[in-house]
Amino acid sequence: MKILLLGYGKMGKTIEKIALDKGHTIVGRIDIQNRADMDQLGASDVDVAIEFSAPESAFENIKYCLQKGWPVVSGTTGWLEHRPEIEALCNEKGGAFFYASNYSIGVNLFFKLNRQLAKLMHGQGYKASMTEIHHIHKLDAPSGTAITLAEGIEAELGDIQGWTLAPKEEPGFLPITAEREGEVPGTHIVRYDSYVDSLEISHTAHNRSGFASGAVVSAEWIVGKQGVFSMNDLLSNLD
């Protein structure tokens with residue numbers, strides 16, 4: 001499989017290693033310094049693009065790939081106000097677009113656990129909150145994973161209508177504390193507090209390999225397909 005990497009930071013390099021170990025070819029490594037190099041690649045030169053760039057670059061990168069006819073797997077967060085436009089373009093072009101806020105299998109199981117717990121906590125008198133911790137290089141806050149968790153809580157809990165970034169708090173909104181320290185790959189803690197006790201669930205990533213491996217598997221899966229996809233589509237179709 002011929003893979004174009006969009007974003008060649010730590011995550012891009014980890015994806016590259018896993019892809020090469022699996023026998024794939026990297027046909028381009030694009031970052032902000034050499035974005036014009038994409039113009040040298042034709043439709044048949046790329047089987048799939050894996051996009052982990054930056055919030056300010058993601059929209060244009062994904063749009064460019066869809067216009068070229070390249071399937072795109074994206075994990076960049078902080079640009080999702082443009083997601084409806086990207087999905088419309090994907091459908092218009094008959095392309096393929098795969099987005100996940102987190103490609104780790106463990107995190108996606110955590111998403112399901114989070115929703116189930118929120119459903120159980122409905123009407124039990126607990127106040128929900130969340131803390132997410134990432135490395136100091138992460139540009140957006142809260143993380144895309146935290147937002148996905150918040151959306152799951154909102155869908156199931158009943159008395160939550162959105163989220164706020166702490167220290168700001170609003171009645172009916174889930175407070176999310178975003179901490180940035182060292183080289184932490186990612187920790188997410190969902191907490192429920194009442195006057196009698198507290199309950200929490202958490203997921204801690206030990207390195208970037210789980211995210212990168214999931215992105216490569218998603219890229220392998222999306223080639224030859226048309227439409228807009230997510231980790232739910234992938235996980236429901238894996239043996």
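Every number in this text was worked out from the coordinates using simple rules, so none of it is lab data. Note that the structure is predicted; figures quoted are calculated from it, not measured. Cβ sites come from the backbone with ideal geometry, for glycine too, and all protein chains shown count toward neighbours.
Could you check the spin-label model distance between L120 and E181? Points 7 Å from the Cα along Cα→Cβ, value in nm.
Result for the modelled spin labels: 2.8 nm.
For a protection proxy built on the mean count of beta-carbon atoms within 10 angstrom, sort 200-211, 103-114 highest first, please.
Details: 200-211: 15.7, 103-114: 19.0.
Those peptides, ordered most packed to least, come out 103-114, 200-211.
Using only the alpha-carbon atoms, how far is helix 55-68 inclined from the longest principal axis of the chain? Give it as 0 to 90 degrees, nearest 10.
40 degrees
Would you mind checking the radius of gyration and Dmax of the range 8-72 based on alpha-carbon positions, in Å?
Using the Cα atoms of the range 8-72, the pair Rg, Dmax is 11.5, 31 Å.
Could you state the number of Å between the C-alpha centres of the range 151-181 and the range 1-44?
36 Å
How large is the charge dipole for the chain, taken about the Cα centre, if only the Cβ atoms of Lys, Arg (+1) and Asp, Glu (-1) carry charge, to the nearest 20 debye? Walk me through the numbers on the way to the answer.
Values: 21 positive and 31 negative charges, 98 e Å.
With Lys and Arg at +1 and Asp and Glu at -1, about 460 debye.
What nm value, rounded to one decimal, do you get for the distance between L89 and S236 when each label is placed 7 Å out toward the C-beta?
2.7 nm
Whole-Å semi-axes of the range 60-158's equivalent ellipsoid, largest first, each the root of 5 times a Cα gyration tensor eigenvalue? Please report the intermediate quantities before stating the final value.
Values: eigenvalues 186, 51, 27 Å².
Semi-axes, largest first: 30, 16, 12 Å.
Return the long-range amide H neighbours of T76 (sequence gap of 5 or more, or a different chain), with a cut-off of under 5 Å between placed amide H atoms.
Long-range HN contacts for T76: S53.
Does anyone have the angle between helix 10-21 and the longest principal axis of the chain? Alpha-carbon axes, 0 to 90°, nearest 10?
Rounded to the nearest ten degrees, it is 60.
Compute the angle between helix 105-121 and the longest alpha-carbon principal axis of the chain, please, reported from 0 to 90 degrees and rounded to the nearest 10.
Roughly 30 degrees between the two axes.
Which whole-Hz ³J(HN,Hα) couplings does the range 32-46 yield from phi under the Karplus relation 6.51 cos²θ - 1.76 cosθ + 1.60, θ = phi - 60°, glycine and proline marked x?
Karplus-based 3J(HN,Hα) across the range 32-46 equals 5, 6, 10, 4, 5, 5, 4, 5, 7, 9, x, 4, 7, 7, 10 Hz.
Out of the DSSP beta bridges found with both residues in the chain, what percent are antiparallel (nearest 5)?
Details: 14 of 40 bridges.
Beta bridges within the chain, antiparallel portion: roughly 35 percent.
Taking the Cβ of N207 as the centre, find all other residues whose Cβ is under 14 Å away and add up their charges (Lys, Arg: +1; Asp, Glu: -1). Working shown, then result.
Working: positive: K10, K13, K17, R208; negative: E183.
Counting the neighbours of N207, the net charge comes to +3.
I'm checking a number: the convex hull volume of the Cα atoms of the range 60-102, normalised per residue, in Å³. What is it? Please report the intermediate quantities before stating the final value.
Numbers: hull volume 2.5 nm³, N = 43.
It is 59 Å³ per residue.
Can you pull the Kirkwood radius for the chain, inverse mean 1/r over Cα pairs, to one decimal in Å? Intermediate results must be reported in sequence, preceding the final value.
Values: mean 1/r = 0.0535 Å⁻¹.
Averaging 1/r across every pair of different Cα atoms and inverting gives 18.7 Å.
Given R₀ = 22 Å, what would the calculated FRET efficiency be for T164 paired with R191, taking r from the Cβ atoms and rounding to 0.05?
Details: r = 15 Å, r/R0 = 0.69.
Calculated transfer efficiency: 0.90.
Please find the FRET efficiency linking F173 to D21, where r is the Cβ-Cβ separation and R0 is fixed at 41 Å, and quote it to the nearest 0.05. It would help to have the intermediate numbers written out before the result.
Details: r = 44 Å, r/R0 = 1.06.
In this case the efficiency is close to 0.40.
For T177, what residues show an amide H to amide H distance below 5 Å, using hydrogens built from the backbone and excluding near sequence neighbours?
Counting only residues 5 or more places away or on other chains, the set is M130, T131, E132, A166.
Which translational diffusion coefficient, to the nearest whole µm²/s, is obtained for the range 13-119 from the Stokes-Einstein equation, given a Kirkwood hydrodynamic radius over C-alpha pairs, 25 °C and 0.890 mPa s? Don't skip to the answer; put the middle values down first.
Numbers: Rh = 15.2 Å.
D, rounded to a whole number, is 161 µm²/s.
Out of every Cα pair in the range 105-204, what percent are spaced more than 18 Å from each other? Intermediate values should be presented prior to the final figure.
Working: 2113 of 4950 pairs.
Everything past 18 Å amounts to 43 percent.
Can you check what the net charge comes to around E156, using other residues whose Cβ is under 12 Å from the Cβ of E156 (Lys, Arg +1; Asp, Glu -1)?
On the way: positive: K112, R115, K119; negative: E151, E154, D159.
Residues near E156 contribute 0 overall.
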